[in-house]
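The values are calculated or read from the model by the stated rules, or taken from the named source; none is laboratory data. Keep in mind it's a predicted model, so treat the numbers as computed, not measured. Note: ideal-geometry Cβ built from the backbone for every residue, glycine included; neighbour counts use all protein chains shown. Calculation scope for accessible area: heavy atoms of the full protein, side chains included, ligands and nucleic acids excluded. Shrake-Rupley method; radii C 1.70, N 1.55, O 1.52, S 1.80 Å.
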Amino acid sequence: MTVASTKKAMVALARRWARQGRSIGFVPTMGSLHEGHASLIRRARKENARVAVSIFVNPKQFGPDEDYARYPRSFAADRRLCAAAGADAIYHPTVEQVYPPGFASSVEVAGLSERLCGAFRPGHFRGVATVVLKLLETVRPTRAYFGEKDFQQLVIVRRMADDLDLDCRIVGCPTVREKDGLALSSRNAYLSDEERGAAPAIRAALELGAKLWTEGKPRERVEAAVKETLAALGSATIDYASVVDPETLAEPTGPRARLLAAVRLGRTRLIDNLPLRRR
Ligand code: AMP
């Protein structure tokens, strides 16, 4: 497995693969890799001749009061996980490689970026869309893999790829969870024992909401029930619990819907979501 730490090295490798006619699967990450990331890499391994994983903690997607400085970084362990999951290359650039002096452009996916998490993290999805476009242009993959765990991010990346005619298939992959239901996340490492004990309640609350929706309860009733259940955690601050259309992230109009929630346990912000189905 190759480690490319400059853009030039990654471009050279990816273009060589392309010249050889190899399909390229790409998994962008911020590192501190876990089984959720591994599932994306394995899926990319199955569907492509070559697989690249990027590990880059993107400063542009963190707000000034967020956890950029303390975000967990563990390159040695990440490298082992990538190799075991079948990656051919890791792209591990410095911030200066991605954002050289004078960097001034950004990608704005209007509307979608202001909803849900966007309302609580201004500029977050501009940072995400900007770095994802840059990484896609560096690697020019056949397929890029994103987790449904970050559902809003997946929807925004799909919209951007469509709007900007990117020649890359965006593949959404199911959320990998702990046995107790908590969605795997690099940020779970921040949780105190007490918070870790409470965290599975997020998925449980979403399951309750999904059940009520299946029974035909209206959107407001489902959202209220999820919030009530989460409020019972005591220490949790609920940013939102919303039933939305899975493409527009606005109020659902057809039968398809998704239930998303963001909760803060102490200083740690956790997100999760589930698909909804009417009976
Ligand atoms: P991150 O390193 O948190 O930026 O995540 C990199 C990619 O891994 C994103 O596409 C995430 O949606 C995905 N991912 C993170 N956690 C999970 C999980 N528990 N299950 C599946 N995919 C995940």
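The table for this structure:
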{"item": "Residue check, residue 89 touching a Pro at 6+ places or on another chain (Cβ under 9 Å) and closer than 17 Å to residue 25 by Cβ", "result": "no"}
{"item": "Residue match in region 23-35 (condition: without any contact (Cβ under 8 Å) to a residue 12 or more places away in the chain and more than 13 Å from the ligand (Cβ to nearest atom))", "result": "no"}
{"item": "Qualifying position, being in contact with a Phe, Trp or Tyr (Cβ under 9 Å, 6 or more places away or on another chain), open to solvent by 20 Å² or more (accessible area, probe 1.4 Å) and without any contact (Cβ under 8 Å) to a residue 24 or more places away in the chain, among 211, 227", "result": "227"}
{"item": "Which listed residue is touching a residue at least 40 places away in the same chain (Cβ under 8 Å) and either within 30 Å of residue 11 (Cα to Cα) or surrounded by fewer than 18 Cβ atoms within 10 Å (Cβ to Cβ) (or both), from 141, 218", "result": "141"}
{"item": "Total residues in region 165-180, condition within 13 Å of the ligand (Cβ to nearest atom) and more than 21 Å from the chain's Cα centre (by Cα)", "result": "0"}
{"item": "Within region 186-198, considering residues that are open to solvent by less than 30 Å² (accessible area, probe 1.4 Å) and within 13 Å of the ligand (Cβ to nearest atom), the one nearest to the chain's Cα centre (by Cα)", "result": "186"}
{"item": "Counted residues, region 238-279 - those being closer than 15 Å to residue 121 by Cα and open to solvent by 60 Å² or more (accessible area, probe 1.4 Å)", "result": "2"}
{"item": "Strands (runs of 3 or more DSSP E) contained in region 34-153 and holding at least 2 residues touching a Lys or Arg at 6+ places or on another chain (Cβ under 7 Å)", "result": "50-55, 143-147"}
{"item": "Which listed residue is within 13 Å of the ligand (Cβ to nearest atom), touching a strand residue (DSSP E or B) at 6+ places or on another chain (Cβ under 8 Å), among the small types (Gly, Ala, Ser) and under 28 Å from residue 225 (Cβ atoms), from 183, 210", "result": "183"}
{"item": "Cβ pairs under 9 Å, 6+ apart, first in region 241-269 and without any contact (Cβ under 8 Å) to a residue 40 or more places away in the chain, second open to solvent by less than 20 Å² (accessible area, probe 1.4 Å) and part of a loop (DSSP other than H, G, I, E, B)", "result": "252/246; 256/246"}
